[in-house]
Structures are given as structure tokens and as C-alpha cells.
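Just below is one structure, and these are the notes that go with it.
The values are calculated or read from the model by the stated rules, or taken from the named source; none is laboratory data. Computed from a predicted model, the values in this text were never measured in an experiment. Because the Cβ atoms are built from the backbone with ideal geometry, glycine has one as well, and the counts that use them run over all protein chains shown. Note: accessible area is taken over every heavy atom of the protein model, side chains too, but ligands, DNA and RNA are not part of it. Shrake-Rupley method; radii C 1.70, N 1.55, O 1.52, S 1.80 Å.
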Amino acid sequence: MENWSVDQVCNWLRQRNLGELVPKFREEEVSGAALLALNDRMVQQLVKKIGHQAVLMDLINKYQQQKSGLKSLTYGCETATQKFPEVIIGATDRQMLNSSGPVEQKKYLCSTEKEGELIDHRVLKQKKNLKSFFARYKTLQWTSSYALPDFPYDVKCILAEKKCPDHSMRIRIIEFLQADMTKYLEGSLYPNSQQYNIVVSALLQAYPFLDEDGNGFLLWKRALKDRFKYVRRPIEDDEQVLRNKCKFGHRRGQTRKSSFAENKPDNVQVQVEEEPVHLEGSAMDVHIKWLKQEYLKTQRNWKEVDNRMNVTIEMRRKMISDKAPLKDILRLFPFLRCPYQLFREFQLLTHMDIYKKTVEILEIYSENILSLYAVRNNPINIMLQENLKRHTEEDILKYMKKTAACLLLPDVFGDDSSLFAAVNEEVKVVTPVLEVKNPFHVNSCEFALYVEREELAQLDDCTMALAALVAAFRVFDIPCPKRIHRTLNFLESLVFEVRSP
């Protein structure tokens, strides 16, 4: 490939169903050497569609891996031949590279042991390296000839009619892809990224209409990865798992460490925590008393706050599940009024960083929301357009657009906006709601989260406000009102990445 001309590269793209990229590659004069030198940023400039970017990078990486593997094998064979001719003699290149004949490979690797009782330990090491290469080369090869599984009749009918599948049909397709991929894993829990890419590419090449209406490459890949992540075979009897349990002293009922760490909005790193400890009586009272006293201080020991909030989470969740009054919960655990602790509680429950996810949501969807016809004549949008004329700074314009997009979400879905945010008005509902004053005045805007008509927390901007609103429903286990259900369902589907919104 290093010696290919531009025309040869273009022919190669056509053979891989990437013919759309040919004009751009020809214009930029991408030869074989240039193709192998492409990095992620160059690919993003050359290729517009994310699916094509993933396929192209995967093909390049696979070529380089195979080439480096073959080079290492050739070098290893040459070295072994020079050092130990009596061991390597009689083995041909065809025998060593014949991946379809593992029996012959095994015979070759073991033949020298039968010929002599004593073998130099360096020879054994060389044979071990060759054996590991054969195993690695075999696992890399399965995807090059991958074929889609035989889908059931009803799935075939939907695909033949070129209809965009609904949620249940998407799950069925993913289920069959997972079952088919599992056959190639040989006991491993998860496929690698290359295998995900090639399976999804094969699906979209066979049925291109599945790439339409927002059901793109990355969404299919995410659905497939989630399927392996959350629905996988039991591993309690796996030999490697049992060996590790014995090795590290695992016992039934022993507490384990959770491996998550989250970022605060103020860039303070959360330490790795242990699972909640069962405390009762005076020990729990000591923690609650300390939290109350620390909350009144201006300089707080956030590390210790995190530890004590983690220790008391079991009591807190029991009170919430028993429908204890919110005032009593906040009286015992006042740090839930702090946005950071509210987000941290959300992450303890869901293992999701709600603040980070909200930032991504507003950055991706702001422009789309503001361009919708349904919100063109909305008072919030009119107010935004008037304020945009007064400013030219890029950061201020971006901030105002994100604020407007946040406040317009209920109108996009036809929900009751009064259950979402009270803009320059008094809060009148008991469910979690935002109070927003002067939303487009950078110096005087105010955001606050209200629950049961009382202020829970002051918030810095629309991003933190939206994250706090979603977190409050989950943390305090508050049922979502029907008149705002579609808006919050849209946000949660993006936060938890459960399906295409």
C-alpha cells in the first residue's frame, strides 16, 4: 500500500463501498503513503460522515496491525533459523502462516520436543512467541470474512420493505448480532472496538436505509456495546474468575470497591469510595451532626463531606423510598442543597455524570432547537433575538443561545412549560422546577431550583440548572408529571444513552 498511486487508492475505496470519498481523496492527492499517514484530525477534514470516518480508520488500522504482525513473524523466524537451524529446519513459511490448519501448527510447534529430550530454554521461548502470534493472528482474522447472521422471518420482512425499525425491532436486531458475535469471542466477555466497527459496518452496508433518520453508525454501535455491557453470559463459574477470586482472597459477601470517579463542576476530583457501611444508632448520629455543623462553615472539608455522605447513603435512600418529608431529609443532610452533592448523589445511583452529559446535550442540540418552526414565535425566542443584536462577543452569544434552547425544550415537545421553568415569574408548582430571572442578561441572570415551592439550590447557569432539574427527580424519587413527561424522557434518553431520541 505504501507504493500505491492516487488512482489505486481510489479503486481501493470503491471496493470497500467508500466511493463517496473518491472525489475528495483525488482532490487532496492522497496516495498510498499519505493514506497510511492519516491521523484522526486529517480523517475528520477529509470525510464528513462519522460512519465513513470509523470504517476508514478501522481499515487502515487493520492493515497496519496485519503488516506489523507479519513483520514480527518473519523476523522471529529468521532469528530462530540463524540461532537454531536444527530446530527450525523442515518448517516452511506456508506451514507457519497456515491459519486454517491449527493441528499442523501444533505439530510443528511440538515436533522438536519429540526429536530430543533436552531443548534449550531459548528455543522454548521462541516457540511460545510463535504460538502466541498464531493465536493473535487468528483472532484478528475473523472480521475480514464476517457475514451477517440469518435474521428471523419477521425481521427479514421489515428489512426487505426498507422500513426504519421501531425500538423493539432494533433490540431484536441487536440481540441477533450479539448472539452471532459471541461465537467468535472464545470465552471473552467483550469484543474489541475493531469487531464492533466491522459488524456495524456490515449491517449498514447490507441495509443502507438503517443509516437514515438519525439511526447512524455510532448509535448502532452504542446499542451493540450496551447489549454486551448489560446483557452478557454469567461468569460465576468461569475458570479465570474462580482463579482470581482464590488468588486475591475474595469471599462471598465481602464488600468491594466501586471504581468510579467523577468531576465536580468546579473541577474538584472525587476520590474512589468504598460501598456504604451499615451504621446504626450513635455512629450514624455522629455523621449527621458533623454534616450539619460543616454545612454552616464557609470553608468546608469537601473530601470528608464526600466520605460521610457516602457512609450515610443507605439511611438517606431508605428515608426517600419510605416517602419521608423532603424537609426532614434536607434537615439531616443539608449538603443535598449544594449542586455538586446533588450531582454526586445522582452518580452514586446511576454511575452517570449528569453535569457532563448536560453540557454535551446543550452543545449538540442548541442550534437545532432554535431553528425549529414550533418555537419561532415563542416569547423566549423573541427575547433572545432582541438581546443578540446588542452583543458581538462569541462567548456571550453562545451562552444566550444555550439558555434559550434550555428554556424552549418543553415547547418543542408540546409540554407545559410552567412545570419546567418559571421565567421572571413566581414558582407555583410543587414538583422540581427552575426559577429563572433575566435569562439573557449575563450580569444579572439568576437560576434556582425549587422543590415543593421552596428554593433548594442557587445555580450558576442554564447548564447547571438543567442538570439539577433532571437530577432532582431521580435523587428524591419524585414522579414525573405527565404534562412534562416527554421533555424529561428526551433528556434522560440522552443522559443514559438508552436509545435514539
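Every condition in (1) open to solvent by 20 Å² or more (accessible area, probe 1.4 Å); (2) more than 30 Å from L296 (Cβ to Cβ); (3) hydroxyl-bearing (S, T, Y) holds for T431 except the one numbered (2).
The residue that is least open to solvent (accessible area, probe 1.4 Å), counting only those in the range 312-355 that are part of a loop (DSSP other than H, G, I, E, B) and closer than 21 Å to Y450 by Cβ, is F333.
Here the range 361-373 is the region considered, the condition is being part of a helix (DSSP H, G or I) and surrounded by fewer than 13 Cβ atoms within 10 Å (Cβ to Cβ), and the residue that is modelled with the lowest pLDDT is Y373. Restricted to helices (runs of 4 or more DSSP H) entirely inside the range 133-249, those with at least 1 residues that are modelled with pLDDT under 75 are 153-160, 167-185, 217-230, 239-247.
Within the range 393-408, the residues that satisfy the criterion of being in a helix (DSSP H, G or I), open to solvent by 10 Å² or more (accessible area, probe 1.4 Å) and over 12 Å from L466 (Cβ atoms) are E394, D395, I396, L397, K398, Y399, K401. All of (1) hydrophobic (A, V, I, L, M, F, W, C); (2) modelled with pLDDT of 90 or more; (3) under 30 Å from R227 (Cβ atoms) hold for I478 with one exception: (3).
Considering only the range 12-37, how many residues are of a type in the set (D, E, K, R), part of a loop (DSSP other than H, G, I, E, B) and under 31 Å from the mean Cα position of the chain (by Cα)? Of the residues in the range 12-37, 1 are of a type in the set (D, E, K, R), part of a loop (DSSP other than H, G, I, E, B) and under 31 Å from the mean Cα position of the chain (by Cα). Among the residues of the range 411-453, just one is over 21 Å from A374 (Cβ atoms), in contact (Cβ under 8 Å) with a residue 60 or more places away in the chain and among the charged types (D, E, K, R), namely E452.
Which residues, taken from the range 289-311, are open to solvent by 80 Å² or more (accessible area, probe 1.4 Å) and of a type in the set (S, T, Y)? Within the range 289-311, just T298 meets the criteria.
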